[in-house]
4 protein chains.
Amino acid sequence: MIVVLKGGSTAEQVREISERLVEFGYQVNPIFGVEKTVIGAVGGSEHTKVDFIDQLKAYDSVEDVVLITKPYKFVAKEYNKGEKSRIDLGGGVIIGGDEVVMMAGPCTVESEEGLFKTAERVAAAGAKILRGGAYKPCTSPYSYQGMGTDGLKLLRAAADKYGLKVVTEVMHVRKVEEVAEYADILQIGTRNMQNYDLLTEVGRCRTAVMLKRGMTAKLEEWLLAAEYIAAGGNERIMLCERGIRTFEPYTRNTLDLSAIPALNSLSHLPVIVDPSQGTGRRELVAPMSKAAVAVGADGLIIEVHPNPDHAIKDGAQSITIETFEKLMPELGAIANAIGRNLVENIRRLPALG
Amino acid sequence: MIVVLKGGSTAEQVREISERLVEFGYQVNPIFGVEKTVIGAVGGSEHTKVDFIDQLKAYDSVEDVVLITKPYKFVAKEYNKGEKSRIDLGGGVIIGGDEVVMMAGPCTVESEEGLFKTAERVAAAGAKILRGGAYKPCTSPYSYQGMGTDGLKLLRAAADKYGLKVVTEVMHVRKVEEVAEYADILQIGTRNMQNYDLLTEVGRCRTAVMLKRGMTAKLEEWLLAAEYIAAGGNERIMLCERGIRTFEPYTRNTLDLSAIPALNSLSHLPVIVDPSQGTGRRELVAPMSKAAVAVGADGLIIEVHPNPDHAIKDGAQSITIETFEKLMPELGAIANAIGRNLVENIRRLPALG
Amino acid sequence: MIVVLKGGSTAEQVREISERLVEFGYQVNPIFGVEKTVIGAVGGSEHTKVDFIDQLKAYDSVEDVVLITKPYKFVAKEYNKGEKSRIDLGGGVIIGGDEVVMMAGPCTVESEEGLFKTAERVAAAGAKILRGGAYKPCTSPYSYQGMGTDGLKLLRAAADKYGLKVVTEVMHVRKVEEVAEYADILQIGTRNMQNYDLLTEVGRCRTAVMLKRGMTAKLEEWLLAAEYIAAGGNERIMLCERGIRTFEPYTRNTLDLSAIPALNSLSHLPVIVDPSQGTGRRELVAPMSKAAVAVGADGLIIEVHPNPDHAIKDGAQSITIETFEKLMPELGAIANAIGRNLVENIRRLPALG
Amino acid sequence: MIVVLKGGSTAEQVREISERLVEFGYQVNPIFGVEKTVIGAVGGSEHTKVDFIDQLKAYDSVEDVVLITKPYKFVAKEYNKGEKSRIDLGGGVIIGGDEVVMMAGPCTVESEEGLFKTAERVAAAGAKILRGGAYKPCTSPYSYQGMGTDGLKLLRAAADKYGLKVVTEVMHVRKVEEVAEYADILQIGTRNMQNYDLLTEVGRCRTAVMLKRGMTAKLEEWLLAAEYIAAGGNERIMLCERGIRTFEPYTRNTLDLSAIPALNSLSHLPVIVDPSQGTGRRELVAPMSKAAVAVGADGLIIEVHPNPDHAIKDGAQSITIETFEKLMPELGAIANAIGRNLVENIRRLPALG
């Protein structure tokens, strides 16, 4: 790390900081400039010393502390020897491999009939994972909060019938176990990205986790949230870019597609993109899905509803089943153009119906 | 509410939307313009109909839905007849009255000696409430996470000895009861503002709650989070502005002081300001504290440490006890200038030591 | 427009506002609700009445004014009957047609040799337009401000030699004429998006204009800035998304690709993407270029430098000529996947050298 | 400066960078760590070397470059020996002294009668400077753009009659001379903060300049914009905080009051606050004005209109003359509480009327 001292720091102050650094295992190398003194400090991996940085910054003589190693370890690219992680969900569904994995389904599980119809059709179109909310985080306490356990059961049944996996959100620490019983992927929503209580809890299970980006999370904070889960023992983590909050009112969020290649250079975790939440506008879902495949996403999660005009929630950003069916081969063509695949094994699905 | 239809909507579409509105209890009044049609819909209070709005927006023919009543009820200014709420913590400490209530103490409870020394001195200077973290939310899993129960006990003991109340953060749903046993105010931190699991849990107790603003929360979302707590039955809520995330790197956050008068016109809840978290820089705490008193805050919460250069956490934004002692009469003078008081009853404190 | 009156407005106030609306040519339709009154006002196109809206908002009785028509006219999609504009630059180069037009070159014109080498190679790879800064806007007054007229001459000469068009920035109102003499497209930079003096000036010429998005411009403000140019008589305008400012420090800006399909639904103007400025990081240029083509950009503008490590400016975001050559067929494949083309006519270029 | 090399950099690469640094006059001190190498480079003042930083960042082997001195010189606090600049406007009006200087007047000059009435009353209430727009920057080309020269004449006449100075915006490089003829302070608006053409032009005159913060300007960028003016020879500069753009829709901008003490620690330039533009809401002007005085602003600029409900522009954020008259003694009390003054010399004004 580099400790930059304020202009006019005394030799005494330089010695004080240097001694503190040595005490924490660093080798110290002060550089005395005309205006300022900086202390170069090299030593062990800094991710175990985050509090120490905070303490250094508190000295009156210290202007800044610059880290030169990353504060996370298990989720860093180097941890997996520079290779992307592959999360095997069974049944040939692998996140982080050559295939861009498609997740689709309604925002909220509403009815058996609608869910099964959606599952059947998205499976036939090439989706591998069924999405759907059983426990819903809602900005207002008066919004519909989801079907709960009944919703989980319906998701599992619909997925099993059509050869799909299940991804669904968990938002209560006391329900992690229940949701893990029905889901193949536990989704941590944007509002809970820094709910450390919940991160710790999912870190204790072995079910795969999809960690959505906080609305205002920097890449480093997001990776540190993932590190919580990994440090707890659960390394089956994928990240999901779902848009950040900006000043632009036209879209619900600003989908930050540059995060995908950026994360790929920092971390080995696979990255999913959510163009539905990421834009909040139905007509932007298809073009942003194409962009997400082109930029290198390992999967997409899309809200699909048989009748969006009558969806209980988020209908404005849901596309119809027909739109999804039309979109899939278009995404497949882009996946092929970048040397990946997306829909080639549609015909290998079990006979439906 | 106002439903704006897209240009070129058919009479059929206008009828479809109108019927849906009538079905939900609205009286409907369509206005046919040259370019567009809008439907004015009046009826009962809209906070119970949030999902319905979502459904309307999903119609292909609908361009926008504009609410004309607020989506919250218990925390709205009208609910308390336009008066500010007063939260009586006992012992003459009232949040929301004439007095600007000062909360001070270390970021994190570290040692008995330091905590008691701080409590004694801030009490003597006029603070009424002792702050200190026992359970700490940390961006990194490798940071110090607090003393836990032992920290709570120390806080209570130090506060009791010097006639103070206690505010401390709760971040685990399964520890709300424990923290409530020791604290007079349960703090919900910025990362948990939309942790509905936790909001629901504190809504069940009767201990006062201080709800910090999420880093990226709009005023309406913040009030809706407070509504979760109130709807659960706990109406003893104060809000705490602690800075929002912006593009400016100089400060840790951008302290949004305009939120205080804005909230005062929207809600009856008292509002506290945290200039320590809000700026992240020690030298900005005093001027921003003055501004916060001038703008009408009902209280301030300030990080004070006997030796900030050796604080375990957040030393860079902690001020010394001496700075706090010097600041208090300056804040008192500003409070007087706007017709409130802040330190006049210092001498009425119990003899110390 | 919809005028929402505050709760408790009197009949007198409703009449006052209604009369004002009638005075400005609106037909008025008040809706009296239980809590509030709203006035629906329909009439002529609102883009000529922007100040009137401002005046309405100033009434104490008015809570909000909601526009239901767009405030711009010449750049609105409807103005061109829903079709995208085609800007013909001559020599078969058309912006807004089937072809995704590639613009490439150094951030800043530095030397004849480097510029000609770059022009030759990017032309051979399929670029149609040479970019390069002769007048440079710099955050610091001590930065290199460009070669000026000499730079313009070099650009023109290099472009002519290799069959390219020229795009370059103009930032001084008194140099619009000079720059227009050498350039095929006048670039208005992000810092000048709301420099109305300059917008008015380029509105007077007939050279094509590329208007970059302001760092913090909403889509509507951007389109209104374009409207300044169009209202001045110059309708040959293309927009250029170059990233917006957000809280994320990893990238220089956050490239908002959702702006492309959003603009396509609001306006007939072609949209270009700048992945170099938009990310500030060389390694993100290729993936974001692919995403930009996939999302529907009409062109890309990329910083290419023969030796980025020795570029005077912005080397960190410039790619090498070799990287560009490798990228072009990859972009071509994606363009084909969405039914457009990008590099198929490489061989039709004049013999080089 | 500190140059951080990427992990795995070779000795060859370290030598290459070191030689480049030496070439630019730095003394070089490499520190070889386990994971990374950093090079400490000390030497002359870095504000003349901004482009060199850019070049270093472009090396493939360089991960980051950390500046340890500020990139500006004339506006830095050290340049004025740590003292705040005093800008003497004549007639006893000094910006940057003990007095908090009040600027007030209409957003836009509309009529002789209204302007004179406003000038008379705000002068009597203690304002020293008359504000008013003669050339108005407008988001829409269809908005009222101001009275131009006639407006300037009216401003001068009204100010002279009531013993006031004049501040007004200049937005055209070719009108700087004209505006300077009538105004005591040239205002550069938020949209033009990085209009270097205009900054250079006002740098050539000797009239005082008030540089408003760009909507999205970091403190450093703002100071660099001021440096443009100072480097041109005009050191009579004051800054004006007028709110930054954030995600919050309730206020027009987020007024960043922490910028005032922050600027005071970085620069010697006086700082003004604009609570009208900064909030966009009339009811927030008074509380935010109080906060601005408390935080240490050297002046305030407030939109005051005799009849805001009929103002041509920005009526929603204008306060009435009566509100201003009531506010002044309240601000005076706060100024006194922090040891400054604001209205004590009201009675010394010339007899009015």
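Return yes when B:ASP160 is part of a helix (DSSP H, G or I) and away from every other protein chain (no Cβ under 14 Å) and no when it is not.
Judged against the criteria, B:ASP160 is a match.
Rundown of residues vs (1) within 22 Å of A:VAL273 (Cα to Cα); (2) touching a Ser or Thr at 6+ places or on another chain (Cβ under 6 Å), yes/no style:
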{"residue": "A:THR108", "(1), (2)": "yes, no"}
{"residue": "A:SER111", "(1), (2)": "no, no"}
{"residue": "A:GLY114", "(1), (2)": "no, no"}
{"residue": "A:LYS128", "(1), (2)": "yes, no"}
{"residue": "A:ALA134", "(1), (2)": "yes, yes"}
{"residue": "A:SER140", "(1), (2)": "no, no"}
Legend entry - Pairs where the first residue, in the range A:52-78, is open to solvent by 10 Å² or more (accessible area, probe 1.4 Å) and the second is of a type in the set (Phe, Trp, Tyr), C-beta under 7 Å, 6+ apart: A:LYS73/A:TYR79
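Going through the range C:133-158 one residue at a time, which ones are on the phi > 0 side of the Ramachandran plot and in contact with a strand residue (DSSP E or B) (Cβ under 6 Å, 6 or more places away or on another chain)?
C:GLY146
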Inset, instruction - Evaluate the following for D:ALA225: is it within 14 Å of chain C (Cβ to nearest Cβ) and under 12 Å from the mean Cα position of the chain (by Cα)? - result: yes
Inset, instruction - Being in a helix (DSSP H, G or I) and not aliphatic (A, V, I, L, M) is the filter; apply it to the range D:325-347 and report the residue that is modelled with the lowest pLDDT. - result: D:ARG347
Inset, instruction - Please find, within the range D:224-247, the residue that is farthest from D:CYS107 (Cα to Cα) out of those that are of a type in the set (Asp, Glu) and open to solvent by less than 20 Å² (accessible area, probe 1.4 Å). - result: D:GLU227
Inset, instruction - Name every residue in the range D:57-78 that is over 18 Å from the mean Cα position of the chain (by Cα), away from chain C (no Cβ under 14 Å) and closer than 24 Å to D:GLU235 by Cβ, in order of residue number. - result: D:GLU78
Inset, instruction - Pairs only if they're at least six apart or on different chains, beta carbon under 6 angstrom, first in the range A:313-341 and farther than 27 Å from A:VAL109 by Cα, second among the basic types (Lys, Arg); list them, first residue then second. - result: A:ILE334/A:LYS290
Legend entry - Filter result (over 18 Å from C:PHE324 (Cβ atoms) and out of contact with any Pro (no Cβ under 9 Å at 6 or more places or on another chain)) within the range C:119-145: C:ALA134, C:TYR135, C:LYS136, C:PRO137, C:CYS138, C:PRO141, C:SER143, C:TYR144
Inset, instruction - Any chance you could count how many residues in the range B:203-223 are farther than 30 Å from D:TRP222 by Cα, among the hydrophobic types (A, V, I, L, M, F, W, C) and open to solvent by less than 10 Å² (accessible area, probe 1.4 Å)? - result: 6
Legend entry - Those residues of the range B:99-114 which are open to solvent by 40 Å² or more (accessible area, probe 1.4 Å) and of a type in the set (Val, Ile, Thr), in sequence order: none
Inset, instruction - Report, by residue number, each residue of the range A:275-289 that is more than 13 Å from A:VAL100 (Cα to Cα) and more than 7 Å from every other protein chain (Cβ to nearest Cβ). - result: A:PRO275, A:SER276, A:GLN277, A:GLY278, A:GLY280, A:ARG281, A:ARG282, A:VAL285, A:ALA286
Inset, instruction - Considering only the range D:290-300, state which residues are at the interface with chain B (Cβ under 9 Å from one of its Cβ atoms) and crowded, with 24+ Cβ neighbours inside 10 Å. - result: D:LYS290, D:ALA291, D:ALA292, D:VAL293, D:ALA294, D:VAL295
Legend entry - Counted residues, the range C:80-98 - those being open to solvent by 30 Å² or more (accessible area, probe 1.4 Å), part of a strand (DSSP E or B) and within 13 Å of C:GLY299 (Cα to Cα): 1
Inset, instruction - Return the total of residues in the range B:163-190 being of a type in the set (A, V, I, L, M) and either in contact with a Phe, Trp or Tyr (Cβ under 9 Å, 6 or more places away or on another chain) or part of a helix (DSSP H, G or I) (or both). - result: 7
Legend entry - Residue tally, condition part of a helix (DSSP H, G or I) and under 12 Å from the mean Cα position of the chain (by Cα), over the range B:230-263: 3
Legend entry - Failed item, numbered, when A:GLU322 is tested on (1) in a helix (DSSP H, G or I); (2) touching a helix residue (DSSP H, G or I) at 6+ places or on another chain (Cβ under 6 Å): (2)
Inset, instruction - Would you mind telling me which numbered condition in (1) more than 13 Å from chain C (Cβ to nearest Cβ); (2) over 30 Å from B:ILE260 (Cβ atoms) D:ASN264 fails? - result: (2)
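Residues that are at pLDDT below 95, under 30 Å from B:GLU227 (Cα atoms) and of a type in the set (A, V, I, L, M, F, W, C): does the range B:302-309 have at least one?
The answer is no; no qualifying residue exists.
Rundown of residues vs (1) surrounded by fewer than 24 Cβ atoms within 10 Å (Cβ to Cβ); (2) modelled with pLDDT of 95 or more; (3) within 24 Å of B:ARG86 (Cβ to Cβ); (4) away from chain A (no Cβ under 13 Å), yes/no style:
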| site | (1), (2), (3), (4) |
| --- | --- |
| B:PHE116 | yes, yes, no, yes |
| B:ARG121 | yes, yes, no, yes |
| B:ARG131 | no, yes, yes, yes |
| B:SER143 | yes, no, no, no |
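For the condition surrounded by 24 or more Cβ atoms within 10 Å (Cβ to Cβ) and among the acidic types (Asp, Glu), what is the one hit in B:GLU283, B:GLU303?
B:GLU303
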Legend entry - the range C:306-322, subset more than 8 Å from chain D (Cβ to nearest Cβ) and over 14 Å from C:ARG281 (Cα atoms), residue least open to solvent (accessible area, probe 1.4 Å): C:ILE321
Inset, instruction - Determine whether the range A:270-281 contains at least one residue that is assigned to a loop (DSSP other than H, G, I, E, B) and touching a residue at least 40 places away in the same chain (Cβ under 8 Å). - result: yes
Legend entry - Qualifying positions in the range A:99-124 - of a type in the set (A, V, I, L, M) and not in a loop (DSSP other than H, G, I, E, B): A:VAL101, A:MET102, A:MET103, A:ALA104, A:LEU115, A:ALA119, A:VAL122, A:ALA123, A:ALA124
Legend entry - Every residue from the range B:169-202 that is touching a residue at least 60 places away in the same chain (Cβ under 8 Å) and either within 14 Å of another protein chain (Cβ to nearest Cβ) or open to solvent by less than 10 Å² (accessible area, probe 1.4 Å) (or both): B:ILE185, B:THR190
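The values are calculated or read from the model by the stated rules, or taken from the named source; none is laboratory data. Note that the coordinates shown come from a computational prediction; the quantities given were computed from them, not determined experimentally. Reconstructed Cβ throughout: ideal geometry from the backbone, glycine too, with neighbour counts over all protein chains shown. Just so you know, the surface numbers come from the protein's heavy atoms only, side chains and all, with ligands and any DNA or RNA stripped out. Shrake-Rupley method; radii C 1.70, N 1.55, O 1.52, S 1.80 Å.
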